[in-house]
1. Please compute one quarter of the surface area of the Cα convex hull for the range A:125-188 and express it in square nanometres.
2. What whole number of Å gives the distance from the Cα centroid of the range A:24-54 to the Cα centroid of the range B:1-48?
3. Would you pull out the residues with amide H under 5 Å of A:V25's amide H, same chain only if 5 or more places away, H placed 1.01 Å from N?
4. When Cβ neighbours within 10 Å are restricted to other protein chains, what is their mean count per residue of peptide B:53-64?
5. Could you work out Rg/(2.2 N^0.38 Å) for the range A:85-162, with Rg from alpha carbons only?
6. Convert 4 °C to kelvin, take the viscosity as 1.567 mPa s, use the Kirkwood radius over C-alpha pairs of the protein assembly as shown as Rh, and evaluate the Stokes-Einstein diffusion coefficient in µm²/s, rounded to a whole number.
7. I'd like the distance separating the alpha-carbon centroids of the range B:157-186 and the range A:61-131, in whole Å.
8. Give me a single rounded figure for A:15-23: the average over its residues of other chain Cβ atoms within 10 Å of their Cβ.
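What follows is calculated from the coordinates using simple rules that are stated; it is not laboratory data. Computed from a prediction, not measured in an experiment: that's the story for all the values here. Don't worry about glycine lacking a Cβ; one is built from the backbone with ideal geometry, like all the others, and counts go over all protein chains shown.
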There are 2 protein chains.
Amino acid sequence: MTSMPVFPPAFCDQLHELFMWRRDVRHFRRDPVPESVLAELLATACLAPSVGLSEPWRFVRVDDSARRQAVRDDFSQCNAAALSARAGTDAGRYARLKLAGLDDAPHHVAVLSHPDPAQGRGLGRATMPQTTTWSTVMAIHTFWLAATAAGVGVGWVSILNPERIKAVLDVDPALELVAYLCVGYPAQPAVTPELERRGWEQRAPERREWVHR
Amino acid sequence: MTSMPVFPPAFCDQLHELFMWRRDVRHFRRDPVPESVLAELLATACLAPSVGLSEPWRFVRVDDSARRQAVRDDFSQCNAAALSARAGTDAGRYARLKLAGLDDAPHHVAVLSHPDPAQGRGLGRATMPQTTTWSTVMAIHTFWLAATAAGVGVGWVSILNPERIKAVLDVDPALELVAYLCVGYPAQPAVTPELERRGWEQRAPERREWVHR
């Protein structure tokens, strides 16, 4: 076992840039990402922490065009429902947002999670069983950061009916759908979140202050 | 707005090292981390993605020694219950694990999440409301990675009764406890997970293979 590396200030500065530029991408170029790059991103995602070393994540590439179309249809339906629940200027603003890159993204990745994995033998999840799903969330976030560093964009689509998507993908119904990711090269890289640029929401500075107890 | 940086191969290699060395730390030195470093880690954590830009996370420093002791007592009780639910060699192995660094870690950080924040105006969470909590999980993971790069260790304690911890911390009962973190300089940095070194569990290579649909 080698010793812990010291991460120099230049690396830490670039890491900060990485966090700054990791965006939820909704505008993609159509050219594919090489398979070797996608394989590396998945291997890196598996370095994420998991409760009890349970690795509950299941990464699924959605290649079939009929399945992809069914996912797009589900998004359209859920997004229309979300819009119809809004009124006035809020509805107008919502309608103008582009909330998914499902049409152009060359790769679709569904990420599912085993809710009660044998691996890890239950350690750490007796009082907080959600930590299993949260492990999968951290694997997705690891994938996202590694992708950003490789120049690859990721967009997380949550405006979907998870049960319907699981049926479309024909996966074990016991698995939980955590994310449906669009993956590809970003067409419009930006350092500011699209929702902020379009006036939907902005960051709250008070989040950056500790609460003390 | 400047243009998207290209992250060079040397950075990507170091980023991979960072993911490799980000451990769940349970062995801490007692010397404190400078406040300026802790403030930077919190600011960096707030760069995490959040559904609708809702930033639902609330980071709480637990400074009060009576509250810390109450957290330790809750851990002891929950861990004893988890042990008593096991039998034979499994119980023996479990009993020998060190599962938290609550005694030595100079800093305790509780991370809570607002389950239904006004910020973000509900965008993206109509069909998958858990994405709010998952945003907080990614902020914790961002904190963890930035800490590792700064040489600071983080250990996530999940063997706790979340409702009891919220009462101990006297926080808004509507908030959800997501994590209780031990933070400090690691006493025994390691590239292999402690659970793997102690023979509790190991990684499953098949997780690193795509499932295709």
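1. On the way: hull surface 22.5 nm².
Dividing the Cα hull surface by four gives the mean projection, 5.6 nm².
2. 19 Å
3. Sorted by chain and number, the residues that satisfy this are A:V154, A:G155, A:W156.
4. Working: counts 10, 3, 7, 1, 1, 4, 5, 4, 4, 3, 3, 2.
Partner-chain Cβ atoms within 10 Å, mean over residues of B:53-64: 4.
5. Working: Rg = 17.2 Å, N = 78, 2.2 N^0.38 = 11.5 Å.
Rg over 2.2 N^0.38 Å, computed on Cα atoms: 1.49.
6. Values: Rh = 22.0 Å.
Rounded to a whole number, D works out at 59 µm²/s.
7. Between the Cα centres of the range B:157-186 and the range A:61-131 lies a distance of 28 Å.
8. Neighbouring Cβ atoms belonging to other protein chains average 6 per residue here.
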